[in-house]
Amino acid sequence: MKENTEISALFKLLDDPDKEVFGAVSNKLLDYGKPIIPNLENLWENSPDEQMQERIETIIHRLHYNDLAEDFRQWNLSGHHDMLVGSLLVSKFQYPDLSISPVSIEVEKIRRNIWLELNAFLTPLEQIRIVTGILYSYYGLKGSEINYSEANEFFIHKVLESKRGNQLSCGVVYQILCELLDIPVKAISIPKQFVLAYFKPGYSNEGSEDYISQIEFYIDPSSGMVFTHKDIESYFKRISVPPVHSYFKPLSNKKVIQYLLEETANCFDNDKERYKKNELMQLANLLD
C-alpha cells in the first residue's frame, strides 16, 4: 500500500507510551485491512526498538485474525462444510501465509492411492483395512495421544508435512479421505476420546435416535485400529459412564472443526499467549 500522510503519522505514534494512544492508533491501522501489512513489515524491519516490534507484530496478528474470522463466517454459511477447507482455516490461525494448494495436492495423492485399491465388492472392514494400510503403513502417518505442548500436531498441514499428529488431527485427515472416497465414516462424541465410526450405508440422522444400531464398527484414528461394539461397551464400563445414544450420533463437519478449534486453544493456555486461546475460542463460537 502506498504510504500516505495519515499512515506516516500513525506509524510515528506507534511507540507512544500512552496505552490509550496506542489503542487508537492500532484501531486506525486495522481499518486499512490486510493491504497495510507489507508497510508494517517494512516498519518492523527498520525498527531497532523491541517494544515497537512487538506492537507491530500485535497489529499484524490482529489484521490476519480479522481476515480469518471473516473466512470462518463464510465457511459457516456455506451449504457444504468442507472439512479440508475448515481444517486449513484452523492452520491459518498460526500460519497466516499458508499456501493451500500443496496441502490439497498431498491429500489428493493419498486419496488416489487408496482409490486405486478399492472396488465395489469389498466389505466395510476390507475398505477400512485399505484406508488404514495406505495411510499408516504406506504413507507413514503416526498418531499419538493429545499433547497440548505440541501445537503443530493440531495443524493439518504440519501433520501431513511431519507425518505426525494426535488422535484428533489424524481423525480429521482420516475423515477427509473417507469423505472424498464416499466411505461412510463419521466422528462420534464418545467421552474423553475422538473416535470414528463406520455407519451402515444409507444411514440417516432423521427419524431415529438409535445410532448404535447404525454403526458397523469403530476406528481409533491414532492407529487405524478397529474396535467392536463390545470393545466400546467395555470402555464405558471402565470409565463408569452409561453409553447413551447421543454419544453415538455422527458429528457434523462443522462440529468437528469447532472441536478442533477448542482443543487447539488449549495449546496457548499461558500468560504470554492466552490472547491466542481467547481468539481461537471466539472463532469456535462463530460456528455455534
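A few comments on the model shown:
- Rounded to 10°, Cα long-axis angle of helix 253-265 versus longest principal axis of the chain: 60
- For Rg and Dmax of the Cα atoms in Å, calculated from these coordinates, the label among (1) 17.9, 53; (2) 17.1, 49; (3) 22.4, 71: (3)
- Think of the chain as a dipole: +1 on every Lys or Arg Cβ, -1 on every Asp or Glu Cβ, centred on the Cα centre; then among Leu63, Gly23, Tyr211, Tyr211 lies furthest on the positive end.
- From phi via Karplus (6.51, -1.76, 1.60), per-residue ³J(HN,Hα) for segment 19-36 in Hz, x at Gly/Pro: 5, 5, 5, 4, x, 5, 5, 4, 4, 5, 5, 5, 5, 6, x, 4, x, 7
- Put Val90, Val226 in order of accessible area, highest first, and with a 1.4 Å probe you get Val226, Val90.
- Distances between every pair of Cα atoms in segment 225-288, grouped in 10 Å steps from 0 to the bin holding the largest one, split as 19, 30, 29, 20, 2 percent.
- Computed with a 1.4 Å probe over protein heavy atoms only, the accessible area of Met281 comes to about 70 Å².
- Measure of compaction for segment 101-160 (Cα Rg per 2.2 N^0.38 Å): 1.32
- Helix 50-77 vs. the chain, principal-axis angle (Cα, 0 to 90°, nearest 10): 40
- The peptide list 190-202, 159-171, 101-113, put in order of mean Cβ contacts within 10 Å with the highest first, becomes 159-171, 190-202, 101-113.
- Accessible area expressed per residue, the chain, with surrounding protein chains retained (probe 1.4 Å, Å²): 53
- Under 5 Å between amide hydrogens, built in the peptide plane, is the criterion, and for Asn166 it picks out Ser144 among residues at least 5 positions away or on other chains.
- Where Thr5, Thr132, Thr58 fall by accessible area, highest first, once all protein chains stay in place (1.4 Å): Thr5, Thr58, Thr132
- By a 1.4 Å probe calculation restricted to protein chains, Glu45 has an accessible surface near 130 Å², given to the nearest 10.
- Surface composition of the chain: carbon plus sulfur atoms hold 51% of the accessible area, using a 1.4 angstrom probe and ignoring ligands, DNA and RNA.
- Each residue of segment 175-189 is assigned a 3J(HN,Hα), and the resulting list reads 5, 4, 5, 5, 5, 5, 9, 6, 9, x, 9, 9, 6, 10, 9 Hz, derived from the Karplus form 6.51 cos²θ - 1.76 cosθ + 1.60 (θ = phi - 60°), x at Gly and Pro.
- Helical contribution to [θ] at 222 nm, DSSP H n ≥ 4, -39,500 (n - 2.57), averaged over the chain, rounded to 500: -17000 deg cm²/dmol
- Acute angle (nearest 10 degrees) that the helix 100-117 long axis makes with the longest principal axis of the chain, alpha-carbon atoms: 10
- Built amide H within the under 5 Å cut-off of Glu216, gap 5+: Tyr198, Phe199, Lys200
- A simple rule links phi to the HN-Hα coupling: the Karplus curve 6.51 cos²θ - 1.76 cosθ + 1.60 with θ = phi - 60°, which for segment 82-93 gives 4, 5, 5, 4, x, 5, 6, 5, 4, 4, 5, 4 Hz, with x for Gly and Pro.
- Cα-centre dipole for segment 1-133 with unit charges at Cβ (Lys and Arg positive, Asp and Glu negative), debye to 20: 660
- In the context of the full protein assembly, His80 retains an accessible surface of approximately 120 Å², using a probe radius of 1.4 Å and ignoring ligands and nucleic acids.
- Computed about the Cα centre, the dipole magnitude for segment 110-198 is approximately 80 debye when only Lys and Arg (+1) and Asp and Glu (-1) carry charge, each at its Cβ.
The values are calculated or read from the model by the stated rules, or taken from the named source; none is laboratory data. These numbers were taken from a predicted model, which means no experiment stands behind them. When we count neighbours, we look across all protein chains shown, and the Cβ atoms used for this are built from the backbone with ideal geometry, even at glycine. These accessible areas exclude ligands, DNA and RNA; they are computed on the full protein's heavy atoms, side chains included. Shrake-Rupley method; radii C 1.70, N 1.55, O 1.52, S 1.80 Å.
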